[in-house]
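Coordinate-derived values only; no laboratory data. Everything numeric here is computed off the predicted structure, so don't read it as measured data. Don't worry about glycine lacking a Cβ; one is built from the backbone with ideal geometry, like all the others, and counts go over all protein chains shown.
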Amino acid sequence: MEQWKRAFRLATFELTASPLHLLTLYILSPILLLFIGLFMVSPILDAYFEKNYVGIDFLFILLFTLVPAWSRPNKFQLQQIDSDHDLWASPTLVMQLQLPIPKETLIKSRLVIYFFYSFPFQCLFLFLTYVLTPSINMTMSPGSYLAFSLIWLSFGVYVGYIMPASDVGDKVNVKSTILAFIGLIFGTIIFLTFFHLVLGYGVIAATVSLAQSWPFLTMLGSIILAWGGLIYWQHYMIKKIATTDYL
C-alpha cells in the first residue's frame, strides 16, 4: 500500500502539470456524455435488444479501452524517443527512469494517471446510460446494473490498461503499425462476429444477461479479473523496461 501512495504522489506531478486540461476534461465530460447518452446511446440501446445493432457494442469497447488515453495532453502521450531505432514511449517515463526512483513505483504511477483519466469518465457514462435508457432501467435492478457496470469497468482494466502499459515503449514503424492495425481490425471483427452471428446476440446483451442471472458471481469474477489484469500489466511493464534500450 505504501508503494501505491508513493506512486500517487509521483502521478500528481503529471496530473497537475496541466490542471486546466484536467479541469476542462472533468467539466466537459459530463456535458459530452449527456449529449452522447441522450442522442446516441439511449435511443440506439432501446432498439439494440430488438435489432441487435453491432455499432453500440463497438462504442462500448472503445469507451473502455482507447478513448480515455486520447484525452491525455499531447505532451504526455507516446512520442518518438529514438528515431534511429523507431522507439516510441512516454517522454515523462523515460526521464523518470534516469532518476533514483524504484521502477515498481514508476509503473504504478502510470496506472494511477490512467485511472484518473478513465475511471470517473467510465463511471459517469455507465450512470447516465442507466438513467437515460428505459430499456435498461426498466428491466435491470440497481444490483444487477452494478454487476453489469463492474463487468465493463473490469474490462477497462484487464484490456484497457494496455494503454498505460504502452508508456514503457515499443518499436513502431510502418510495418508494425500496419500489422497492428490489421490485427486489431480483424480481431475486433472476429470477436463481434462470434457474439452476433454464432451466439445470436451482442456483447452488451450477453453482459446484461450475465449480470441479471448471476449478479454476485459476476461481481466477484469481475473484481478477480480486474485484479489479475492489474498484476499482469505491472509484470509486463517491468519486463519491457528491462529489455528496452532508451539511450
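Structure summary
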read-out	value
Chain lengthening between Phe119 and Phe35 when straightened (0.36 nm per residue, less Cα-Cα)	28.3 nm
Crossing angle, helix 19-36 versus the chain [Cα axis fit, 0-90 degrees, rounded to tens]	20
Cβ-Cβ FRET estimate between Tyr246 and Glu50, R0 fixed at 35 Å, reported to 0.05	0.10
Karplus-derived 3J(HN,Hα), 6.51/-1.76/1.60, for each residue of segment 68-78, Hz, glycine and proline x	x, 5, 5, 7, 6, x, 4, 5, 9, 7, 4
Structure-based [θ]222 nm, the chain - -39500 (n - 2.57) summed over DSSP H runs of at least 4, per residue, nearest 500	-23000 deg cm²/dmol
Order of Arg72, Arg110, Arg9 - criterion: other Cβ atoms within 10 Å of each residue's Cβ, fewest first	Arg9, Arg72, Arg110
Kirkwood Rh (inverse of mean 1/r, distinct Cα pairs), the chain, angstrom	19.5
Other-chain or far-sequence residues with amide H under 5 Å of Ile81's (modelled H)	Leu87, Trp88, Ala89
Residue exposure sequence - Glu50, Glu14, Glu104 - by fewest surrounding Cβ within 10 Å	Glu50, Glu104, Glu14
Virtual spin-label span in nm between Phe186 and Lys75, 7 Å along Cα→Cβ	4.1
